[in-house]
Amino acid sequence: MHDQMSLRAMFALEDLTLASKSRARLNRQFERLQRRIPRFAARWLERLRQPRARWVRIPLGILLILGGVFSFLPVLGIWMLPLGLLLLAVDLAFLQGPVNMSIVRGSRKYSTWSRGRRDKKLAGEQIKKR
């Protein structure tokens, strides 16, 4: 019986460690986003990340996801979907892992795409100079 209890405690500790790693990764994603956006938006996002803003963050996250789903409409855009998921992941631990992985993968793909685009542009300019 003692072994079963220690085994449960070990699994609980492992889950807690994974959750804290996921939360830390999510915080790094937010900080990275805040460095890339205009200062007024970064301050606004910082306020939304505060624990007391939960009652604003959850409905806003849901609205952003819905706006992203209906991105074919003129004012709405696909950019709303990841932002909404990111906001919901602050409060919903089961979303943290998938959201983190999606952001990391999306960032890598964007970097690869933009690097390729830049290289093609540079190659085209070099051909024109000749």
**OP:** Can you check what the net charge comes to around LEU33, using other residues whose Cβ is under 12 Å from the Cβ of LEU33 (Lys, Arg +1; Asp, Glu -1)?
**Re:** +3
**OP:** Would you calculate the separation in nanometres between label points at ARG54 and ALA41, each defined as 7 Å from the Cα along the Cα-to-beta-carbon direction?
**Re:** 2.8
Subject >> 17 Å tail of the calculated P(r), the stretch 33-130, as % of Cα pairs >> reply: 65
**OP:** Please identify every one of the chymotrypsin sites (Phe, Trp or Tyr not before Pro) in the stretch 89-130 that sits in a loop by DSSP and has no more than 16 other beta carbons within 10 Å of its own beta carbon.
**Re:** none
Subject >> Computed FRET value (nearest 0.05) for ASP91 with THR112, which takes r as the C-beta separation and R₀ as 22 Å >> reply: 0.10
**OP:** Kindly rank 82-88, 68-74, 21-27, 101-107 from highest to lowest mean number of other beta carbons found within 10 Å of each residue.
**Re:** 82-88, 21-27, 101-107, 68-74
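Largest first, how would TRP55, TRP44 line up by accessible area (1.4 Å probe)?
On the way: TRP55 210, TRP44 125 Å².
Result of the area sort, largest leading: TRP55, TRP44.
The values are calculated or read from the model by the stated rules, or taken from the named source; none is laboratory data. Keep in mind that this is a model prediction, so the values were computed, not measured. When we count neighbours, we look across all protein chains shown, and the Cβ atoms used for this are built from the backbone with ideal geometry, even at glycine. Calculation scope for accessible area: heavy atoms of the full protein, side chains included, ligands and nucleic acids excluded. Shrake-Rupley method; radii C 1.70, N 1.55, O 1.52, S 1.80 Å.
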